[in-house]
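Below is one structure; the comments refer to it alone.
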Amino acid sequence: MKKSPFRFKSVLPGAEVSPVDWQDWRWQMRQSLKNQPQFSKQLDLSAEEIDGFSGLDQIFRVQTTPYYAALIDKENPNCPIRQMILPNKKELIPGFQQMSDPLGENKKQNRPCERLIHRYTDRALFLVTDMCGVYCRYCTRKHFTASDQVAATTQQVDEVVGYLKSHPEIKEVIFSGGDPLTLNNKKLESFLERIHSVETVELIRIGSRMPVACPMRIDQELLLLFQKYKPVYLMTHFNHPDELTLPAAEALENCVDHGIPVMNQLVLLNGVNNSAALIYALNRRLLYLRVKPYYMFQADPSLGTDHLRTSIEDSLAIQRQLWGRASGLSMPTYIVDIPDGGGKAALSPSFQVSQQGSQRHFVGWDGVRASYVSPGPEARREPLVDELYKTEWLQLNKES
Ligand SMILES: *Cc1c(COP(=O)(O)O)cnc(C)c1O
Ligand code: SF4
């Protein structure tokens, strides 16, 4: 076997913790750190950080697994992991744009059921639970996440299944929340089974930060579940190369070895990962582990997140620095989610500098100037399209 070009770090428990407990994801969840005294036991909190706890844990839940807390650099107040999970007084500063529901997910037209968001034609988001393994300060779904700490009820699932059956254009169901992998395998299987049984649903995606916050969650039984209800895609949420530890890397490889495609969605965060070097390092490691960097999100204008949001100029600059230099496979699509439920908008650098008729002039990523002469639109010929494909396409375009 080829020797790994990367050294993924082991994460070992303190002497007081038994390795068996440490490896048990339920133990990790039960032992999660939730308040300032618990964090103070593990880290040197600055006076400012201690202050950050007062009142702010009421605004948005503070919680992390002991495993994820162990990734924190105990002495460095600018540690990226620290900034993602510790409350900060800056969350109270009124800022540029702060919305409790930035993506318009509570709008009636996007929310046909309590637990379903249907915003794009052929896929819908199933809010399986509002629990997470770690609560990220930049979370875009603060309006839902951490509210009641409950999984969808049978009645709510019935409602979702009913809607899916009356909307055959929905081909993909994305399990989200909250984090679906905070549920145990039995509960998760009950949901997978119900959604899988809807004939028109072709594919299930699981969106989870548990591979980051608690890689022990990816146990053998879970992988067999994913196989049983295939095709299942796992969408992870690694933001920083320091999150790619040895246990996380092993969990990802294990998934892919079991035939489960894994994709990563990252969020650009100010002072945390807004550097081309960091994004490049993260994406090369992911790619080596056979995880496809899928989306790179501009942080949404969620309540109390101004200090964590990058400028769009900064985000675009990162993307431009990577373009052409970094493997296309390692390049995620940069997305700004249009507030109020406008949907995703992809931004990419433009290389076209001018156009004269059918001739478009470009300057390539490393400065080459050249033109592309395009056939005119009048040259278009209609290809043969099978009736079956036409029917499928009509379904996607019908008014629902
Ligand atoms: C992002 C998102 C999806 C998935 O979109 P893809 O571009 O297919 O990854 C689906 N539903 C909602 C509500 C979303 O926000
Ligand atoms: S894991 Fe996702 S849903 Fe949960 S707090 Fe973090 S960003 Fe929000």
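The values are calculated or read from the model by the stated rules, or taken from the named source; none is laboratory data. All of these numbers come straight from a predicted model, not from anything done at the bench. Note that each Cβ is placed from the backbone with ideal geometry, even for glycine, and that neighbours are counted across all protein chains shown.
Numbers at a glance
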read-out	value
Candidates 302, 354, 350, filtered to the one that is of a type in the set (Gly, Ala, Ser) and within 30 Å of residue 109 (Cα to Cα)	302
Selection status of residue 349, over 30 Å from residue 313 (Cα atoms) and either assigned by TED's automatic domain parsing to the domain that holds residue 299 or at pLDDT below 95 (or both)	no
Tabulated pairs, the stretch 127-141, first under 19 Å from residue 309 (Cβ atoms), second of a type in the set (Lys, Arg) and modelled with pLDDT under 95, C-beta under 9 angstrom, 6+ apart or interchain	135/61
Residue 168, sole failed condition from (1) at positive phi; (2) away from ligand 2 (no atom under 11 Å from the Cβ)	(1)
Unique match (being of a type outside the set (Asp, Glu), in contact with a helix residue (DSSP H, G or I) (Cβ under 9 Å, 6 or more places away or on another chain) and closer than 30 Å to residue 277 by Cβ) among 175, 238, 191	238
From 114, 105, residue being touching a residue at least 12 places away in the same chain (Cβ under 8 Å) and under 18 Å from residue 162 (Cα atoms)	114
Unique match (being within 16 Å of ligand 1 (Cβ to nearest atom) and either at negative phi or loosely packed, with under 14 Cβ neighbours inside 10 Å (or both)) among 91, 105, 75	105
Among residues of the stretch 140-160, those that are buried (at least 22 other Cβ atoms within 10 Å of the Cβ) and within 15 Å of residue 187 (Cα to Cα), counted	2
Considering residues of the stretch 324-339 that are in a helix (DSSP H, G or I) and surrounded by 13 or more Cβ atoms within 10 Å (Cβ to Cβ) only, the residue nearest to ligand 2 (Cβ to nearest atom)	339
Residue match in the stretch 144-157 (condition: more than 26 Å from residue 247 (Cα to Cα), away from ligand 1 (no atom under 14 Å from the Cβ) and part of a strand (DSSP E or B))	yes
Filter pass, residue 223 being modelled with pLDDT of 95 or more, buried (at least 22 other Cβ atoms within 10 Å of the Cβ) and more than 16 Å from ligand 2 (Cβ to nearest atom)	no
